[in-house]
Amino acid sequence: MVLAPARFDVVFVSLGALCWLPHVARWAEQVGGLLRRGGRLYLHEGHPLAGALAQDQLHVEHSYFEEAEPLIDTSGVTYADSTVRLANAASHEWNHSVGEIVNAVIGAGLSVDLLVEHDWTAWPRFPWLERTDDGRWRVPASRPRVPLSLTLVATAT
């Protein structure tokens, strides 16, 4: 079932949206249903590898793939402001691999035009990232480069 009866030229999805969804295929179906023929999806999202990395160092701590059960964060703070304590501390997040995202988009009737993995992100996702002159956050030069965000553009067929 599509959210709205209207069809649109553009659907834009930005950083931090997909991790709140348990099933990326259901999201892609909604996007496909909202786009008119020839309409475009623009997705700029955190890279799923970044969702699998540990907070304190460069190693894999969580599943890279979509799992039935969410990752439950009980830290009591949000990524937006770690100084404010939440009354309801638990948040539920799901990681979706690049392949799962791409295949969900294709399965929803869209044609992938572009997929770029970036070694930067727009916010300090990890405390060990360094801010660069262009305002982006990257892994320090002393560590291996890893993908931190991605851009996907697709067209409704």
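Details
- Counting only residues that are of a type in the set (Gly, Ala, Ser) and under 16 Å from Thr151 (Cα atoms), segment 6-31 holds 4 of them.
- Count - residues of segment 32-42 that are at pLDDT below 95 and among the hydrophobic types (A, V, I, L, M, F, W, C): 1
- Ser91 touching a strand residue (DSSP E or B) at 6+ places or on another chain (Cβ under 9 Å), at pLDDT below 95 and either under 16 Å from Leu41 (Cβ atoms) or surrounded by 15 or more Cβ atoms within 10 Å (Cβ to Cβ) (or both): yes
- For segment 14-39, filtered to residues that are of a type outside the set (Gly, Ala, Ser), part of a strand (DSSP E or B) and out of contact with any Asp or Glu (no Cβ under 7 Å at 6 or more places or on another chain), the residue that is surrounded by the most Cβ atoms within 10 Å (Cβ to Cβ) is Leu35.
- Test: Val77 is free of Cβ contacts under 8 Å to residues at least 24 places away in the same chain, surrounded by 12 or more Cβ atoms within 10 Å (Cβ to Cβ) and not in a strand (DSSP E or B): yes
- Taken over segment 129-145, the criterion of being touching a residue at least 60 places away in the same chain (Cβ under 8 Å) and either surrounded by fewer than 14 Cβ atoms within 10 Å (Cβ to Cβ) or touching a helix residue (DSSP H, G or I) at 6+ places or on another chain (Cβ under 6 Å) (or both) is satisfied by Arg143, Pro144.
- Applying the condition of being in contact with a His (Cβ under 9 Å, 6 or more places away or on another chain) and farther than 21 Å from Arg138 by Cβ to segment 40-68 and asking which residue is surrounded by the most Cβ atoms within 10 Å (Cβ to Cβ) yields Glu66.
The values are calculated or read from the model by the stated rules, or taken from the named source; none is laboratory data. This structure is a prediction, so every number in the text was calculated from the model and none was measured. We place every Cβ from the backbone using ideal geometry, glycine too, and count neighbours over all the protein chains shown.
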